[in-house]
Every structure is written in C-alpha cells, then in structure tokens.
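Structure record follows, encoded as structure tokens.
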Amino acid sequence: MELEVRHLRALCAIADTGSLHKAARQLGMSQPSLTTQLRRIEQEIGGQLFARERTGCRPTPLGRMALSRARPLVSEMRALISETKAAAAHATEGPQLRIGSTASRAIPGWLRRLRVRLPATTETSLQTDVSANALLRMVAGGQLDVAFVHEVEGSPLRIPEGLHSRVLVEREPQFVFLAADHPAAAQPVVHLTDLAADRWMVDPTVDGEWDGLLRVLRAAGLNPRVLHGDYLTAASLVATGEVVTVCQPTSHARPDMVVRPLDGDPLGVRLLVAARTEGELDSVYGELEASYWEAARQSPAYDEWLAGRAAAA
C-alpha cells in the first residue's frame, strides 16, 4: 500500500480526537473502516503508531515522529485545495464571502455592515452551527472563508493548523434566563444558590457547553436536575417556569422571562474570529467588532454590567 494524503489526515484526526470512534465520525467513515485503515498504515510503516488504551488512543514515539511530518503536509494540501477553490470561484462567479458562526446577536449587524463596506462582493452566505470546532474545520477545509465562534472556559477549541485567529472578547460573562415570576428575578444579580431547586436546561451538542456548566454547578456545591435540548425549546420552558438556562449577555428579555447576570460571573466564554489569512481577518473584523458592541448596548442587563465594570476599573 502506498501512503496518501487521506491516510495522513486519518492519523492527524486520531491524534487530535484521541479516539478511533470520534476520529471516524470526524472523517465521515465507520470505526471498523478506520481501524482497518490504521492497521494497513502501520503495516506499511512497519510499527505501531498508536497505543490503544481503555481511555482512547495515544501516539507512540514512532507515531509522534510520523505526526510531526504528517501535519505540515496535511495543512499544505488543505491550503492548496482551499486557495484553488477560492480562486476558481472568484474567476467564475465573482468575489464571495462565506461566513460561519455560532449563535450571536451580532450577526445581523455584521452582515449589514459588510454589505455596505464590500459592495463588490456578489454574495455573502451564512452558515450557523452549534459546533465551533466544526466551523473551524470548515474554514481550514475551504468550505468557509471566516468563522466567528465562542470557546467555553475550560474547554479549549481545536484550532486547525494554518488558521489565523483574532480575539474579539477575551471573556464574555454568561448570564441566565429566568421566568419573570421566578423569585430570583426580583434581584439585579442572581446567586447560583438561589437556583438550587431549579431544573436547568443545556444543549449538549454545543462544544464545551455542558462541561462548562457542570463545572460551575459542582464548584457551587449544586447537583440540580438537568434537561438536554436546544435553546429554542429551553426559552419556551423558561417562560413557563419549567427550567432556567444559561444565555449570552446580549440576549433580550421578554415579558415572560428576564435576563440576569450571575454573582461572581462564574461562567465565561472567549469570542474569536478565524480565517486562513490575516487579510481575510482584516476584511471582516472591524464590522464584527462594531456589531458586537452595538448588540451589547441594546441589552439592558449587559449594558449595565459593562458600565459597572468600567466604573470599577
């Protein structure tokens, strides 16, 4: 068997995920197929590349050496494909801008500002996803030009090699949604202990979200009942008093539910934007920054929190 780029990509995926199962899912293949492929690669190289342990796969010394050579090759091939595709699209269809983003209230203003500043762009597309890591992989693979994502504190994102990133907000505090008639809603700031008897709802498909919330709740000595589901459903259940849930500080209150900061800001995220080149970052960052702070000013709870931080500085 002759080694190909797809084989090197498989080795990198196994090392990055630490699991044959997760790597197979990332590569879009079955675990048995990936296991067979790895066995053939090891036979071709002449040694074991990964130690199969109960907790996952760990590169052997030979595996680490192979990965040190494979990663640059995979990165270069990815760049070659993405840049060639972009050039072809530009030649046949005119300039395009393909944006990926996790959920954010900054997106409408960002798109509006980009249309004004980049009138020559024939089309601006938007793809949203709950997985920041998936969006970053799409940028690296050339399916997107730029991605605006959030990184939950304590759960670092896996930024592919070759991508350039820029931090928009180093630490954005996460607030909570409560029913308007919840006893804690009468307070300007909510203590986690005030929510000890509540059920929480979290979307476990959002990268790092469940782990981050679990760490915060355990640190506060809480072990509440938790429901798993998307945040659209969560909002409906919050309004009826069934659950409470974490929300972005730019979220808007409604007559039947309120947005409140948590005492001590125990849970935060880092907001960042990534692209393949610094030039691509420069072309979108200013509009994103302006749109984010516009959304922040439009949220009374967040605007007040920011004013309090500014006064204390």
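The values are calculated or read from the model by the stated rules, or taken from the named source; none is laboratory data. Just so you know, these numbers come straight off a predicted model, no measurement behind them. Backbone-built Cβ (ideal geometry, glycine too); neighbour counts: all protein chains shown. Heads up: the accessible areas ignore ligands, DNA and RNA and are worked out on the full protein's heavy atoms, side chains in. Shrake-Rupley method; radii C 1.70, N 1.55, O 1.52, S 1.80 Å.
Please pick out the residue among 23, 70, 15 that is in contact (Cβ under 8 Å) with a residue 60 or more places away in the chain and either in a helix (DSSP H, G or I) or under 24 Å from residue 157 (Cα atoms) (or both). Explain how you work it out, then say what you get.
Numbers: 23 fails: in contact (Cβ under 8 Å) with a residue 60 or more places away in the chain; 15 fails: in contact (Cβ under 8 Å) with a residue 60 or more places away in the chain.
Going through 23, 70, 15 in turn, just one is in contact (Cβ under 8 Å) with a residue 60 or more places away in the chain and either in a helix (DSSP H, G or I) or under 24 Å from residue 157 (Cα atoms) (or both): 70.
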Every residue from segment 284-310 that is more than 24 Å from residue 145 (Cα to Cα), touching a residue at least 12 places away in the same chain (Cβ under 8 Å), among the aliphatic types (A, V, I, L, M) and in contact with a helix residue (DSSP H, G or I) (Cβ under 8 Å, 6 or more places away or on another chain): 296
Starting from segment 264-278, take each residue that is at pLDDT below 95 and list its partners that are open to solvent by 20 Å² or more (accessible area, probe 1.4 Å) and not polar (S, T, N, Q), counting only C-beta distances under 6 angstrom and pairs at least six apart or across chains. 278/164
In segment 154-190, what count of residues is obtained for those that are part of a loop (DSSP other than H, G, I, E, B) and basic (Lys, Arg)? 1
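Does residue 137 count as modelled with pLDDT of 90 or more, under 30 Å from residue 304 (Cα atoms) and of a type in the set (Lys, Arg)? Please lay out each step first, then the result.
Numbers: modelled with pLDDT of 90 or more: yes; under 30 Å from residue 304 (Cα atoms): no; of a type in the set (Lys, Arg): yes.
No.
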Could you check segment 170-187 and list, in sequence order, the residues that are of a type outside the set (S, T, N, Q) and buried (at least 17 other Cβ atoms within 10 Å of the Cβ)? 172, 173, 175, 176, 177, 178, 179, 182, 184, 185
Subset of segment 154-169 that is under 22 Å from residue 262 (Cα atoms) and modelled with pLDDT under 95 - its residue that is most open to solvent (accessible area, probe 1.4 Å): 154
Exception for residue 299 within (1) crowded, with 16+ Cβ neighbours inside 10 Å; (2) at pLDDT below 90; (3) among the polar types (S, T, N, Q) falls at (2)
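Looking at segment 249-285 only, could you name the residues that are under 16 Å from residue 153 (Cβ atoms) and open to solvent by 50 Å² or more (accessible area, probe 1.4 Å)? Steps first, answer last, please.
Narrowing segment 249-285 to residues under 16 Å from residue 153 (Cβ atoms): 249, 261-262, 264-272.
Selection gives 264, 270.
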